[in-house]
Structure formats: C-alpha cells, structure tokens
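All remarks here apply to the structure that follows.
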Amino acid sequence: MHLNRIPNGDPAQEIDTAPAMIDPTHHRSKQDAQTLLAQARDHLTYALQPIVNVHTGSVYGYEALLRGVETLGIPTILSLFDLAKALGCSRELDRTLRALALERFIAIPGSARHKLFFNLDPHLIEEEDPETMVELLRQQGLTPDTVCLELSEHVDLTANPAVARAISAYRDHRFHFAIDDFGTGYAGLRLLYEHPPDLLKIDRFFISGMPEDHRKRHFVTNMVQLAHVMGIQVIAEGIETETELLACREVGCDLVQGYLIAHPQTHIESLQTRYDRVAEIHANNRRDTPSDVALIERCLERIPPLHASDNISRLFDAFRLDKTHNIIPVLDSADRPIGLIHETDMKEYIYSNYGRDLIANRSFGRTLQHFVKPCPTIDIHDSADRFLEAFSASANPAGLIVTLDGRYHGFVSTMALLQLIEEKNLAAARDQNPLTKLPGNNTIHEYLSRTLSVRSETWHLVYLDFDNFKAFNDHYGFRRGDRVILMFAEAMRQHLNSGRWFIGHIGGDDFFAAIGNADLDRVIEQVQGLVTKFRSDVQSLYDPEDRAQGHLNARDRFGQKRQIPLIRCSGAILEIQPGDDYGSGDELGRIIATMKSQAKRSASGLTLRQHRQGRTNTLPDSTWHETAPEKSIDSDSKGVNHRHLATDTA
C-alpha cells in the first residue's frame, strides 16, 4: 500500500531540487492544479518491492509504493490526495501516478512475466473507468492481466453498488484484485464475501511475532484456510525474520513480501527475479519435514495448455488431437493458470451443423475466456495433504492445476489424486512398526519437526521404554517378548486415546507419545495410568513361580546370574513451553537421555522437566506401592543411548 514504511537510506528521499510548495490556504485555481500535476510528474517516483513464492523465492510480482511526496513540501501521501481533491484534480493525479508506476514497472527486464500491484484510491473507485488503465497499459505494451489492483480495508467498500460495478468492469478486462491489509480495517469478512479477490494480503500485525504468539498463529491459519477454500492465494505482508518466513510457509501462505526478502527499491537494477535466500532458509531448516514433490511429480499429467489470447479454433484442434483428456488448461500471457475448458461445455458447438463456424467467427464475440471454468490451483511444493484439502474444498473439480513458481506445471486428475493419496498412505504404512502397527521413526521425526517449529504453543513429549526387558526376552524367548511389546502398544492406545495424542514406536521397547496444549496434571495422570496398568498386566506373561517370587532368576547383560525385578515401564515427560528453542533436536536428545536415566533409578519410573533450563524432577510413586530395589534394575536401559532416540534426527 502507499503508506508502507520508508526504509532508511531510500534514495527516493534524496532528491535535491525541491519545487515551490503550493500554499493550501490561498485561493485555489486551475493553475494550482496544473502546477501540482507538473510537480508530481517531475518529482514523484515509485519504489518497487518484490512479492515472492514462499517456497522458492521466485518473484510473482512487485508492489508499487509512492515515494518523494516530501519533496513537494507535502507532509504525507494522504495530504497529497487531500490537496488534489481540494484543487479538483484527483482524477488527473491518479492517472499521472498510474503512468509513473507503469513506467517504473516496464523498466524491469521481463516485466510482462510478473504482476504489478497498484493501490486503487478508495475515494475514486466509484468513478473508475477501466478503459483509462487499459489505454495506459497498451501504451507500454502490457495486458490487463499483468496488473493486480489492491482494495484497501481502511475505507468501507461494502454494500456499495458503484464499487461492485467498478470491480466487475475491471474483471471483464481480466484485471486481478487483491484485498490489502486484511484483518485490520473495515468489514474484512464482508469485503471478502462481497468482492472475492484473487489474492489476499494478510496485514503485518498478524505476521509479526506469529511464530511465538499462539493466538496470532491460529488467526493466520484460519485466514489461510478460508482463502484457500474460496480459491484465493494468500500473501503474508511484512516478513522481517527467518522464523516468520518459516511460520508463514507452515500455515500455508502462498506468497510473502517484506524486508527479509528485499526493501522497496527505487533503483530498478537492484531488483531480482528470484531471491535465493528464501530457498536457502528452507534448505537450512533442519526441522523441515520430507517433501512430497517427487511423489506429486509421478502423478502429474503434462496436458498441453492454451493461452487466453489464442484463436478459438485452436481449442477444437486441441480436443481433436488429444483423445485422452476432456479438459484443456488455459493460461494468461505469463503462463499463469486461469482455469479449465471442459469438452462437455463445447459439445453444442462441436456437434451442431453450424456451431463450430459460428463460434470461430470473430463477429460472434466469443473468446476462450468465455468458456473457462475455475479450477483449484496449488504449488508443486505443497504437501499431499494440502492437495487433498484443495480438492475437497471445491465443488466437483476435475482435478488440480499444479504450478511451479506461479506458472503452469501440470495437472493432477481426480484418479491421479487418489493414486497420490494411496501412495502417501502406503509410504506411511511402510514406516509403521511391523509388530505394533504404530507410526515409526520417520513419522515421529516429521511430528517432532512440526512440534519444535511451533514455538507459540505448549507441548508435552513423553519417551517410554521398559526396564528389565532384555533378561525377560533372553529367558522366555522373543515370541513372549513380542507379546510384552504388543501389550504395551495396546495399553498406549487405550490410555492415550483422546484423539489429540500422537503415539509412535521408535523400535524395540522404546515408545514415544506427545500432545499439544494439554493440562499438565491430566498428562501426568494419563501417563501414570498407562505405566501402572502395564506394570500390573505384564506380570501375566511370567511363569507362575517367577510371578510369585517377584523376580526372575536370570543372567544380566554382563552374564552374571542374579535376581532381575519384573518388567516395568519408565518414562520421561518433557514440557516444551512457548518460546523454548531446542535447535536441531540434539539438545533435546541429550536432555531426554538424562531424564530417562534418572527415571530408571527412581521408584516411580517417571521424571518431569517443565522448562528448557529447568531441573528434572522425579514424580512421586503414587500409584504403585511395591517399591522396586532401585539398584537391582537391569542395566539394559537404552535411555542413555542416543541412537535409540528419535530426536537424534529431529
């Protein structure tokens, strides 16, 4: 928007020649208006700030931000507009500013492949005439689909028929629209409902601090989901830190803009078409989960597209030459998807005696654009789950158009999407532990990566394993040992079954559980219930004489024959509070190993740590009254062995 902050050192502020200031208090004349317009042409300029793909940093477009108002002796941009209104030259000034913005934009190499974001003056929108903008674009060799007009939330545009007519007229010429500063102005949801845009720009208020602010994250997540359901792309404004970028990608934003990527630039040569830093930040994010790109590529169909400017006769040729598809993707001049043309919609023209000749006749006035239907569009870097969400949110879609850096990359049909989800599920099934059918290390790693990245919420991680299991397994054999593991897995399903718990099987007798935003007392109660129930039930797997004497006469891991206590489960409960940062997970692994070692030496078998810098406390043995000899626990403990911790790879 016009009112963005001006970064220090912006060259636009360093204009030496200051024009004579117009005194707003004296009698205003036509000459004053002409002077203002001349000064605007000579001294105002536009800085351009890139808007980039959240995954790759490839430029989608540039927002035009007015600079140099202070050189006119006018304090603010709003004061400039007020003065123009008082002088009766608002329309002329608006046209002048549009021409200046287009001149800056066209100087970018390959500008036609990108979009120019330009703010409509909300006070003039009722009088908008698209033909004026179309003519300015024609003079620069640009088409209307190159421009995205921003509607400001700072003025109430709802329930105004004139606004609706203006927007409809612009859409007829294939201009795009964005709602700017969404969430901070007038009637945000109503504006979104009455004038659904192509893009939604979430105000920096919600982006700033979002990684640590639980409520902001929920607000942004729901904004993104609502926009995507409506087929709207989302731009996060004001990205200034790496954590904000990562958080925006995690909640599903499509595009980002802000100082982290680039400050507004008045020197065109400083602008880039790709900002590699974005991809580098993602590549260096050790918490990032494995990508589904390879899986999606295998399901992708490369259906040859048409462009909206193509002659309609090419459409008939496309359907005639391609017998395997009944849809054709249609793109704009920059290869961005517009939608699909369905063969069924063309049958009345294809199979009637004169239909084909009629529709191909230019005087009939029909173009490809008239037959295009919307289709959900999604980036190749989005997850398979996001693909399914986009498909489910649309009414009877033929499939999904897939983009790479905002441009057409291919098509995923309904059948291909089902195949994609099936392969995703098979991959998850392959990662399941073959014995317990619980999620395995890869899935646990993905869960931990997501958990550690959401630093605005409270999480409880629980690491569990058996004491004295090796002696039992060696004495009774692996088949009975497997029964112990299955018994515990079933106990986890029963006791941690609220639907919010994640449970997984690291391997052997090591298990993992986690839950977000839960009451600590309730977490402790559920975990204590789990280990107490297991400690009681597992005795049924011992021979009667061993169960009666309360121990097993067996050899320990050092080959020494001694009395080994009955199996129990010990565990470490770690509370991760908002703001805690465990880096790549190595520190987390060391803390868990120490906690598990302490748990195995305790009577209760459970330890708790409530803060990254806090101390580890042993929980009281409140639910099991038979005190096990602390020193006689078999040292087959794997709590101190880092290779058994899923966090080593988190």
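One table, with the values for the structure above:
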item: Members of the range 379-396 found to be within 16 Å of the chain's Cα centre (by Cα) and either part of a loop (DSSP other than H, G, I, E, B) or touching a residue at least 40 places away in the same chain (Cβ under 8 Å) (or both), listed by number; result: D379, I380, H381, D382, S383, A384, R386, F387, E389, A390
item: Residue match in the range 178-193 (condition: part of a strand (DSSP E or B) and surrounded by fewer than 22 Cβ atoms within 10 Å (Cβ to Cβ)); result: yes
item: For L417: the one exception among (1) part of a strand (DSSP E or B); (2) in contact (Cβ under 8 Å) with a residue 40 or more places away in the chain; result: (1)
item: Set Q233, Q257: member being over 29 Å from A395 (Cβ atoms), in contact with a strand residue (DSSP E or B) (Cβ under 8 Å, 6 or more places away or on another chain) and polar (S, T, N, Q); result: Q257
item: Helices (runs of 4 or more DSSP H) contained entirely in the range 17-125, each with at least 2 residues that are under 30 Å from L260 (Cβ atoms) and modelled with pLDDT of 95 or more; result: 90-106
item: Hits in the range 420-451 - residues which are open to solvent by 10 Å² or more (accessible area, probe 1.4 Å) and aliphatic (A, V, I, L, M); result: I421, L426, A427, A428, A429, L435
item: Flag for F387 being surrounded by 22 or more Cβ atoms within 10 Å (Cβ to Cβ), of a type outside the set (S, T, N, Q) and farther than 30 Å from R500 by Cα; result: no
item: Any hit, the range 529-539, residues being closer than 25 Å to Y447 by Cβ and among the β-branched types (V, I, T); result: yes
item: Residue in the range 498-505 that is open to solvent by less than 50 Å² (accessible area, probe 1.4 Å) and touching a Gly at 6+ places or on another chain (Cβ under 8 Å) present; result: yes
item: Hits in the range 520-537 - residues which are touching a Lys or Arg at 6+ places or on another chain (Cβ under 9 Å) and open to solvent by 20 Å² or more (accessible area, probe 1.4 Å); result: R535
item: 1 or more residues among the β-branched types (V, I, T): qualifying helices (runs of 4 or more DSSP H) within the range 433-497; result: 441-453, 478-495
item: Candidate set: the range 538-559, residues that are part of a loop (DSSP other than H, G, I, E, B) and modelled with pLDDT of 90 or more; chosen: the one least open to solvent (accessible area, probe 1.4 Å); result: Y542
item: Hits in the range 137-167 (condition: open to solvent by 60 Å² or more (accessible area, probe 1.4 Å), at pLDDT 85 or above and in a helix (DSSP H, G or I)); result: R138, Q139, R165
item: Helices (runs of 4 or more DSSP H) contained entirely in the range 219-327, each with at least 2 residues that are among the aromatic types (F, W, Y) and more than 18 Å from the chain's Cα centre (by Cα); result: 313-321
item: Those residues of the range 585-602 which are open to solvent by 20 Å² or more (accessible area, probe 1.4 Å) and in a loop (DSSP other than H, G, I, E, B), in sequence order; result: R601
item: Residue satisfying all of: in the range 328-346; outside any loop (DSSP other than H, G, I, E, B) and either over 28 Å from L142 (Cα atoms) or among the polar types (S, T, N, Q) (or both); most open to solvent (accessible area, probe 1.4 Å) among these; result: T344
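Residue-by-condition table, conditions (1) in contact with a Leu (Cβ under 7 Å, 6 or more places away or on another chain); (2) exposed (fewer than 15 other Cβ atoms within 10 Å of the Cβ):
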position	(1), (2)
G88	no, yes
L93	yes, no
R104	yes, no
N119	no, no
P122	yes, no
E135	no, yes
R174	no, no
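The values are calculated or read from the model by the stated rules, or taken from the named source; none is laboratory data. Just so it is clear, the model here is predicted, and its values are computed rather than measured. Methodologically, a virtual Cβ is constructed for each residue, glycine included, from the backbone with ideal geometry; neighbour enumeration extends over all protein chains shown. Only protein heavy atoms, including side chains, enter the accessible area calculation; ligands, DNA and RNA are left aside. Shrake-Rupley method; radii C 1.70, N 1.55, O 1.52, S 1.80 Å.
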